[in-house]
Amino acid sequence: MTAQEVRLCGLLLREHFGEVVEKVGTHLLKGGAQNLRTIIHETGISLDLVKKSLCVLVQHGACVFRSGRKGAGSPTEYQTCCDRILRILRYPRYIYTAKTLYGDTGELIIEELLQRGHMTMSGTIKTVADRLTQNMEEGRSMDYSEVSSAFFRLVETHFLQRCPPLAGAEPKDSATPAAPSFPDCYKVPHVTLVGRGKRQLASEDGEDQRNAKKAKMDSQVGTHGDEGICWQVNFERFHLHFRDQAIISAVANKLDQTSSEIVRTMLRMSEVTTSPTATCTKPLSANEIFRSLPTSYNIPRPILDQYLTLLIDDPMEFVGKAGESGGGMYVVNMHRALANLARATLESVVQERFGSRSARIFRLLLRKRHLEQKQVEDFAMIPAKEAKDMLYTLLSQNLVQLQEIPKTPDYAPSRTFYLYTVNQLPTARMLLQNCYKTVANLVERRLFESKESKRLLEKSQRIEAILASLQASGAEPEQLTEVEEMITAPEKQQLEALRLHINKLDSAENQVDETIFLLESYINSTASTS
Amino acid sequence: MAGRGGGRGRRMMTFSVEAVGITRGDSLPPSIQQPTPLFPVMEQKPLPLTAGEEEEYLLALKQEFRGAMKSLPCFIQPTAAHRGQSSTHTHTHTHTQTSLTYTHTQTHTHFSFRFYYYYYYFTCFLCQTLQKKEEGQSSEDEEEEGEEKKKKQEEEEAEGEEEYDEEEFEEETDYVMSYFDNGEEFGGDSDDNMDEAIY
């Protein structure tokens, strides 16, 4: 965990769980595995609060516990890692993806599980049904069976998984929580859950009261058949989906819509047969692809072959040919696609920060690996003085490295080759840390802006509350306008500007997270293949 | 005035020039007229953020999520230790030698509308920020149930660690509750003992 990651994790914990959890969490991040007594002693927080914070962290999967390293009988040790906490940035994207794939019901299921961390299936279904009922018109309510079927579909496609069974006895070597691959991971328990969602009304009519009483009795009895089986969101599956989306949209941008549909079909066909860490999909024959294309795309067979040839010849190497049988065997090169996407990101960063000519030098060095200064000037077709300036700027920002190749053992400057080079993987790591720092700065700035205008925000919130209560009690329009005028016009402008700034900062966080996802995927994919 | 050479010795400095290393004929850096800027000058301006329906929806999701988290029990207040367990949720945590079981039962559903208007959502988020400051827990009930539930709840929270004037803050208005009285209750009590005159 780098300093930037720890700082960002601290801010995310503070915003979502409060300052106490932030203190405990950052202490665990900086200090490694510790037992309860050490945490209490070093953070100075009371036992009760530390226990609660650890509960919250474990519930949300950010912290794991195991028996101490000093042997049996030593106190339990708790350990946190950054990755899980940094996922919080991506929650809106997960919820939105669930909405596009499974509609409002799926969206609410994912949102509930993200908010609670771990939850039983029956609890989730009830809460989601209530929320959906809330938004429907009077007299209509959402049936539990509909929500259940959406839940089943989410588990079938592995977007949800069971929480790993608690086996805190044996110490694990890995610092990060192990990916659950236990056999019952995706098995849905048999749950008896009959009913409809409840509406939260101040004045309840007879039917709702009867339902409420029945719900109370149910919860008192407490048997839905799935006690102790908690579910959590499977982030890895979402990441695979995002990766596929990135590849498809890259193909659509580079080539055209039809090519992206072909690649989408290929990825869909190999969803279940490809392991998450594979570098490319299993080979698919052109005949199979032709049969699986969506019927709305009436592409004749020869045209499909032409498209596949185009895809293979493209320098981005999204699709590769793996054989000739069955009309040609084709694979999607996932690792190479990710590497190319990361490379495009790096080039775009250099271009936006230093200008297009520096970007030209950067791309040149990426392609040609090692070049002397004179060669850089020649190939990039930039005058010597400016090329030297740009190279030195890139060097000082650590985007370009210098490799010395001596002719003599004494490294005399006149007898040494100095070659400029760009290493994609270390540069990607460096930019990833820059991204974390960016998001942390955005969060801090947003908190600062809110704090600056706290008085104004409080006033406007009070006015809103007065307005709401007056409207609820049926006041005349003159009273309402009188209350509304309590905020002056310049204050309204200030509030509007504040809202704009905060929305901009929030939106920027979301978009930096997209870059973070690309770079992280590339780094993880490279680490697992090498 | 004795130190100024006028037209002859223009470059007079308080330190000896040779000792620092500036030889004759070297060009000095330009003299500083104002403090250095706070941030380095940007040669290229950054691109604008992509703005579209999807981005706006993601933004709304993010802000709503943050607001909702503040009202959940996993948002731990520093003052929560004094209250002990609240009445609306139980979170039992039993630790045995080899296994940790924790049961988490929720009896409240939190209030969340998907189809908010932007601005209304924004103020609700602030609402919850401030309610957290005023009360600490179970704040979402206030918005749902209305005044009666609010009064009952505040009577329950009798720990008194936040000594605030209950009367004044009940409706989150600026006005003390007695402001809204219309005087009907005045003078209705002691009509029997007319010993003292009423002024």
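Name the residues in the stretch A:513-530 that are buried (at least 19 other Cβ atoms within 10 Å of the Cβ) and facing chain B (nearest Cβ under 10 Å), would you? Within the stretch A:513-530, just A:513 meets the criteria.
Condition check for residue A:349 on (1) surrounded by 15 or more Cβ atoms within 10 Å (Cβ to Cβ); (2) away from chain B (no Cβ under 14 Å): one failure, at (2). Taking the criterion of being farther than 22 Å from residue A:12 by Cβ, in a helix (DSSP H, G or I) and either of a type in the set (Ser, Thr, Tyr) or in contact with a Gly (Cβ under 6 Å, 6 or more places away or on another chain) (or both), the residues of the stretch A:435-482 that qualify are A:460, A:469, A:481.
Rundown of residues vs (1) under 35 Å from the mean Cα position of the chain (by Cα); (2) part of a helix (DSSP H, G or I); (3) closer than 30 Å to residue A:280 by Cα; (4) touching a residue at least 24 places away in the same chain (Cβ under 8 Å), yes/no style:
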| site | (1), (2), (3), (4) |
| --- | --- |
| A:337 | yes, yes, yes, yes |
| A:341 | yes, yes, yes, yes |
| A:348 | yes, yes, yes, no |
| A:352 | yes, yes, no, no |
| A:363 | yes, yes, yes, no |
| A:367 | yes, yes, yes, no |
| A:375 | no, yes, no, no |
| A:378 | no, yes, no, no |
| A:395 | yes, yes, no, yes |
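I'd like to check something: does the stretch A:21-30 contain any residue that is away from every other protein chain (no Cβ under 14 Å) and among the charged types (D, E, K, R)? Within the stretch A:21-30, one or more residues are away from every other protein chain (no Cβ under 14 Å) and among the charged types (D, E, K, R). Hey, could you check the stretch A:11-20 for residues that are facing chain B (nearest Cβ under 9 Å) and of a type outside the set (Asp, Glu) and say which is farthest from residue A:70 (Cα to Cα)? In this case the residue turns out to be A:16.
With respect to the conditions (1) surrounded by 19 or more Cβ atoms within 10 Å (Cβ to Cβ); (2) touching a Ser or Thr at 6+ places or on another chain (Cβ under 6 Å); (3) not polar (S, T, N, Q), residue A:362 falls short on a single one, namely (2). When A:58, A:20, A:50 are checked against the criterion of being at negative phi, without any contact (Cβ under 8 Å) to a residue 24 or more places away in the chain and not polar (S, T, N, Q), A:58 stands alone in meeting it. Which residues, taken from the stretch A:223-240, are surrounded by fewer than 20 Cβ atoms within 10 Å (Cβ to Cβ) and not aromatic (Phe, Trp, Tyr)? Hits for the stretch A:223-240 are A:223, A:225, A:226, A:227, A:228, A:229, A:236, A:237, A:239, A:240.
To keep it simple, each residue is scored yes or no on (1) touching a Cys at 6+ places or on another chain (Cβ under 9 Å); (2) more than 20 Å from residue A:524 (Cα to Cα); (3) in a helix (DSSP H, G or I).
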{"position": "A:240", "(1), (2), (3)": "no, no, yes"}
{"position": "A:245", "(1), (2), (3)": "no, no, yes"}
{"position": "A:265", "(1), (2), (3)": "no, yes, yes"}
{"position": "A:297", "(1), (2), (3)": "no, yes, no"}
{"position": "A:309", "(1), (2), (3)": "no, yes, yes"}
{"position": "A:320", "(1), (2), (3)": "yes, yes, no"}
{"position": "A:332", "(1), (2), (3)": "yes, no, no"}
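Just so you know, in the stretch A:86-142 the residues that are within 25 Å of the chain's Cα centre (by Cα) and not in a helix (DSSP H, G or I) include one that is nearest to residue B:68 (Cα to Cα), and it is A:117. Assess whether residue A:291 counts as being assigned to a helix (DSSP H, G or I), of a type in the set (Lys, Arg) and closer than 26 Å to residue A:236 by Cβ. When the stated conditions are applied, residue A:291 does not pass them. Per the conditions (1) surrounded by fewer than 23 Cβ atoms within 10 Å (Cβ to Cβ); (2) out of contact with any Ser or Thr (no Cβ under 6 Å at 6 or more places or on another chain); (3) without any contact (Cβ under 8 Å) to a residue 60 or more places away in the chain, the sole criterion not satisfied by residue A:150 is (2).
Could you check how many residues of the stretch A:99-129 are among the acidic types (Asp, Glu), touching a residue at least 24 places away in the same chain (Cβ under 8 Å) and crowded, with 21+ Cβ neighbours inside 10 Å? Total satisfying the criteria: 0.
The set of residues in the stretch A:483-496 that are part of a helix (DSSP H, G or I) and not hydrophobic (A, V, I, L, M, F, W, C) comprises A:484, A:490, A:491, A:492, A:493, A:494, A:496.
In the stretch A:31-48, the qualifying residues are those that are closer than 25 Å to residue A:440 by Cβ and in a helix (DSSP H, G or I), and the one that is nearest to the other protein chains (Cβ to nearest Cβ) is A:43.
Just so you know, in the stretch B:36-79 the residues that are more than 7 Å from chain A (Cβ to nearest Cβ) and within 21 Å of the chain's Cα centre (by Cα) include one that is modelled with the lowest pLDDT, and it is B:79. Restricting A:361, A:382 to those that are more than 25 Å from residue A:438 (Cβ to Cβ) and touching a helix residue (DSSP H, G or I) at 6+ places or on another chain (Cβ under 8 Å) reduces the list to A:382.
Of all residues in the stretch A:474-484, none are loosely packed, with under 14 Cβ neighbours inside 10 Å and under 30 Å from residue B:47 (Cβ atoms). For the stretch A:451-462, a residue qualifies if it is facing chain B (nearest Cβ under 8 Å) and hydroxyl-bearing (Ser, Thr, Tyr), and exactly one does: A:460. Every test in (1) more than 14 Å from chain B (Cβ to nearest Cβ); (2) surrounded by 14 or more Cβ atoms within 10 Å (Cβ to Cβ); (3) farther than 30 Å from residue A:528 by Cβ; (4) of a type in the set (Phe, Trp, Tyr) is passed by residue A:330 save one, and that test is (3). When the stretch A:51-94 is filtered for residues that are within 12 Å of chain B (Cβ to nearest Cβ), closer than 27 Å to residue B:64 by Cβ and hydrophobic (A, V, I, L, M, F, W, C), the ones remaining, listed by number, are A:55, A:56, A:57, A:58, A:62, A:63, A:88, A:89. How many residues are away from chain B (no Cβ under 12 Å), hydroxyl-bearing (Ser, Thr, Tyr) and farther than 18 Å from residue A:229 by Cα if we restrict to the stretch A:95-148? Within the stretch A:95-148, residues that are away from chain B (no Cβ under 12 Å), hydroxyl-bearing (Ser, Thr, Tyr) and farther than 18 Å from residue A:229 by Cα number 4. Considering only residues in the stretch A:291-319 that are at pLDDT 90 or above and of a type in the set (A, V, I, L, M, F, W, C), the one that is surrounded by the fewest Cβ atoms within 10 Å (Cβ to Cβ) turns out to be A:303. For the stretch A:171-184, the criterion of being at pLDDT below 90 and acidic (Asp, Glu) is met by at least one residue.
The values are calculated or read from the model by the stated rules, or taken from the named source; none is laboratory data. What you are looking at is a predicted structure, and each value in this text was computed from that prediction instead of being measured. Backbone-built Cβ (ideal geometry, glycine too); neighbour counts: all protein chains shown.
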